[in-house]
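Notes follow once the structure below has been shown.
The values are calculated or read from the model by the stated rules, or taken from the named source; none is laboratory data. Computed from a predicted structure; not experimentally measured. Don't worry about glycine lacking a Cβ; one is built from the backbone with ideal geometry, like all the others, and counts go over all protein chains shown.
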C-alpha cells in the first residue's frame, strides 16, 4: 500500500508544481500565443482581414464551399454558422462578417488530411454579408451569404 501512496503523492506534487508554474506565468504556450495574426484581427475591412491572414486580400469565388447560416438571425449574439468544403488539402477556414467592428470572427488552421468542416457560433452587430474563406492547396477561395439580424449582438 505504501508504494501506491508514494506514487499518488508524487503525481499530486508534480501536478501542483506544474499548475503553479502555469499560474504564475513561468510556463506559457508560446506557439499558441505567436500563432494569432494581429493584423487580421485588428482589421476594419474584410479585404484587410483576408490580407492579414493570407498576405493578399484577393480570393477566388468557389462553388466547392458550402456556407450554412440562417437567412434571419433572431439574435445577433449567437448566430450558428457551418462551413463545409470539398476542396483538397484544406489549410485554413476563416469566417468574416463584413459590418462587424472587427470583421474576422474566427479562423481555424488544419494540419494533415482532415475533412474541411467547421461549425461555430458568431456574433453579428447588424445585417451583413458573412464570408467563408478557405485556403486550400496554396490558393484562397471564398463564398458569402447575407444574414439578416433582428436583434443586435455586438454591443446592440
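Residues checked against (1) within 13 Å of the chain's Cα centre (by Cα); (2) outside the structural domain of residue 55 (by TED's automatic domain parsing); (3) farther than 20 Å from residue 42 by Cα:
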| site | (1), (2), (3) |
| --- | --- |
| 107 | yes, no, no |
| 111 | no, no, yes |
| 129 | no, no, no |
| 137 | no, no, yes |
| 142 | no, no, yes |
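Looking at (1) at pLDDT 95 or above; (2) closer than 21 Å to residue 38 by Cα, can you tell me which one residue 146 breaks?
The single condition residue 146 does not satisfy is (2).
Could you list, in sequence order, the residues of region 123-142 that are closer than 13 Å to residue 87 by Cβ and crowded, with 16+ Cβ neighbours inside 10 Å?
132, 133, 134, 135, 136, 140, 141, 142
Which of the strands (runs of 3 or more DSSP E) contained wholly in region 18-114 include at least 2 residues that are modelled with pLDDT of 95 or more and touching a strand residue (DSSP E or B) at 6+ places or on another chain (Cβ under 7 Å)?
Here the list reads 65-68, 79-85, 90-97.
Identify all residues within region 98-122 that are crowded, with 20+ Cβ neighbours inside 10 Å and touching a residue at least 40 places away in the same chain (Cβ under 8 Å); write none if there are none.
The answer is 100, 103, 104, 107, 122.
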